[in-house]
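Taking it in order: structure first as C-alpha cells, then the write-up.
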Amino acid sequence: MSIDRPRISRRIAAISESATLAVDAKAKALKAAGRPVIGFGAGEPDFPTPGYIVEAAVTAARVPRFHKYTPAGGLPELRAAVAEKTERDSGYRVEASQVLITNGGKQAVYEAFAALLDPGDEVLVPTPYWTTYPESIKLAGGVPVDVVADETTGYRVSVAQLEAARTDRTKVLLFVSPSNPTGAVYSRDEIEAIGRWADEHGLWVVTDEIYEHLVYGDAEFHSMPVVVPELADRTLVLNGVAKTYAMTGWRVGWLVGPQDVVKAAANLQSHATSNVANVSQAAALAAVTGDLSAVAEMRTAFDRRRQTMVRMLNDIPGVFCPVPEGAFYAYPSVKELLGKEIRGKRPQSSVELAALILEEAEVALVPGEAFGTPGYFRLSYALGDDDLVEGVSRVAKLLSEAR
Ligand SMILES: Cc1ncc(COP(=O)(O)O)c(C=O)c1O
C-alpha cells in the first residue's frame, strides 16, 4: 500500500547542505586520495587551541560534577563570565541571566530566529550572507529577504537599501560586522545610522559578533546595541569562542539578549540538546576569562595573509577584490571571466568555474552561489602562508588562460 506522503518532511527536505562544509569535505577527500589540493574553503583558524584552554578541559574531564547533566542554559559560572567578557570587549553591559550558552554560534543563530519568528515574518538579510542564515530563518518559518550589496560599496548595505526592502511583515534586521563571507566591516557612523533606522521602525536586530576581534588596519569593531542603546531591548547578540580562540571543534557559542527571549530560547534548547558538553564549557570559561594574546597573534598572521591574497587576486585580469577589513575571507568578483574559454571549457557560472579550478588547478574555492551572489568566490585566508601563495598562484595561472 502506498501512502501519499513524502519520506522527508518538506521543511527539512528544503534545507540544502552547507556549501562551505561541502567544499571543504571535497577538498579533504581529494587530498586523502593523494591529490595535492589546496583548500580555501575552511571557515576556521589554522592554529591549535591555546594550551591553557586545553589544560582547563583536561582538568574538567576529571571532575565528577561535569560527568552529569548541568543546567540546560549553561554553567552559571560561564554565563557570568560571558556577561563580563561582553562588557570588557564591546562595552555592552548585561546580566548573566541574559546569556544562553549554546552548542556553537550556529545553535545561537538557529535559536535566535526560532525564538523571534512566526510564519511569514520577514528578516532583512544583508547579502552576500553566511550560508546558514537563510536556512535557519526558513526553518523557523520566517522569510529571508536578501538586501544585496556588491563590491562597489565594499559589500556594505545602506539605510536606503534596507528601507526599500522593508515591508509591514519585516520583524528582524540581521546585522553582521565583520562579515562572513565578505570581510566587510561597518564604520561606527554606518552602524549608528542603521541602528537608528531599525529602532525608528520597531525592528528587532540579530547581530552576529563572532569575528569581533578580527579587524585590521584602521577598521574598528562596534557593537550595535552599544552604539544605539535604545535597541537593547530588541537586540540579540550572537557570539562564541570558535574564531577568537581557534576553538571551532569545541562547539561553544552564546546568545545575549533580553531575559524573556533568552528564557524562551533556553526552553527550546532544554528539549533540543540540553547543556553544552561540560568539558567544552570549562574550556570556554578558561578562554573568556583569559587574555586576548592568542587572538592578537592570529590577527597578525591573518593580516599579513590578507594583504598577500588581495594583492595577488587583484593582479589576475578579470578578478576584482575589495580589501576585506575583518574576519578571514576575501570575496573577489569573477563576473568578467564567466563565459570565457579556459582549457576548452566555457564556465557560465561561478559554480562551474569553481569546479574547473578544482579539476585543473587542484584548488578549492567556495562559489558565490553559496552566499546568495553568483559571480563571486569566497577564499579563506586562514591557511599557511606558503599554501596560500601556491594556491592563488595556481588559480592565477589557470585564469590567465581565459580568452
Ligand atoms: C558569521 C558566523 N557566525 C557564526 C558562526 C558559527 O560558528 P560556530 O558554530 O562554529 O561557533 C560562523 C562560523 O563559520 C560564522 O562565520
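Residue count for segment 183-203 satisfying the condition of being outside any loop (DSSP other than H, G, I, E, B) and buried (at least 24 other Cβ atoms within 10 Å of the Cβ): 3.
Of all residues in segment 213-226, those that are farther than 25 Å from ASP121 by Cβ and either in the same structural domain as GLU325 (by the TED database) or open to solvent by less than 10 Å² (accessible area, probe 1.4 Å) (or both) total 2.
Just to be sure, is VAL176 within 20 Å of VAL366 (Cα to Cα) and open to solvent by 20 Å² or more (accessible area, probe 1.4 Å)? Full working, then the answer.
Working: within 20 Å of VAL366 (Cα to Cα): yes; open to solvent by 20 Å² or more (accessible area, probe 1.4 Å): yes.
So VAL176 passes the test.
More than 29 Å from LEU365 (Cβ to Cβ), away from the ligand (no atom under 16 Å from the Cβ) and touching a residue at least 24 places away in the same chain (Cβ under 8 Å): does that describe ASP233? Judged against the criteria, ASP233 is a match. VAL252 - would you say it is crowded, with 22+ Cβ neighbours inside 10 Å and either in contact with a strand residue (DSSP E or B) (Cβ under 7 Å, 6 or more places away or on another chain) or touching a residue at least 12 places away in the same chain (Cβ under 8 Å) (or both)? In short, yes. Within segment 62-120, the residues that satisfy the criterion of being away from the ligand (no atom under 16 Å from the Cβ) and on the phi > 0 side of the Ramachandran plot are GLY91, GLY120.
Considering GLN307, GLN269, the condition of being away from the ligand (no atom under 16 Å from the Cβ) and either within 30 Å of ARG93 (Cβ to Cβ) or open to solvent by 40 Å² or more (accessible area, probe 1.4 Å) (or both) is satisfied by GLN307 alone.
Here the condition is being open to solvent by less than 70 Å² (accessible area, probe 1.4 Å) and over 29 Å from TYR329 (Cβ atoms); of ALA57, ALA61, it holds for ALA61 alone. Taken as a whole, the condition of being out of contact with any Cys (no Cβ under 9 Å at 6 or more places or on another chain), of a type in the set (A, V, I, L, M) and either surrounded by 11 or more Cβ atoms within 10 Å (Cβ to Cβ) or more than 29 Å from TYR381 (Cβ to Cβ) (or both) does not apply to ALA33.
GLY384 fulfils the conditions (1) closer than 30 Å to PRO144 by Cβ; (2) at pLDDT below 95 except for a single criterion, (1).
Here is a yes/no grid of residues against (1) under 16 Å from the mean Cα position of the chain (by Cα); (2) closer than 16 Å to LYS243 by Cβ:
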site: PHE175; (1), (2): yes, no
site: GLY183; (1), (2): yes, yes
site: TYR186; (1), (2): yes, no
site: LEU203; (1), (2): no, no
site: VAL228; (1), (2): no, no
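The values are calculated or read from the model by the stated rules, or taken from the named source; none is laboratory data. All values reported here derive from a predicted model rather than from experimental measurement. Reconstructed Cβ throughout: ideal geometry from the backbone, glycine too, with neighbour counts over all protein chains shown. In case anyone asks, the SASA skips ligands and DNA or RNA and just uses the protein heavy atoms, side chains included. Shrake-Rupley method; radii C 1.70, N 1.55, O 1.52, S 1.80 Å.
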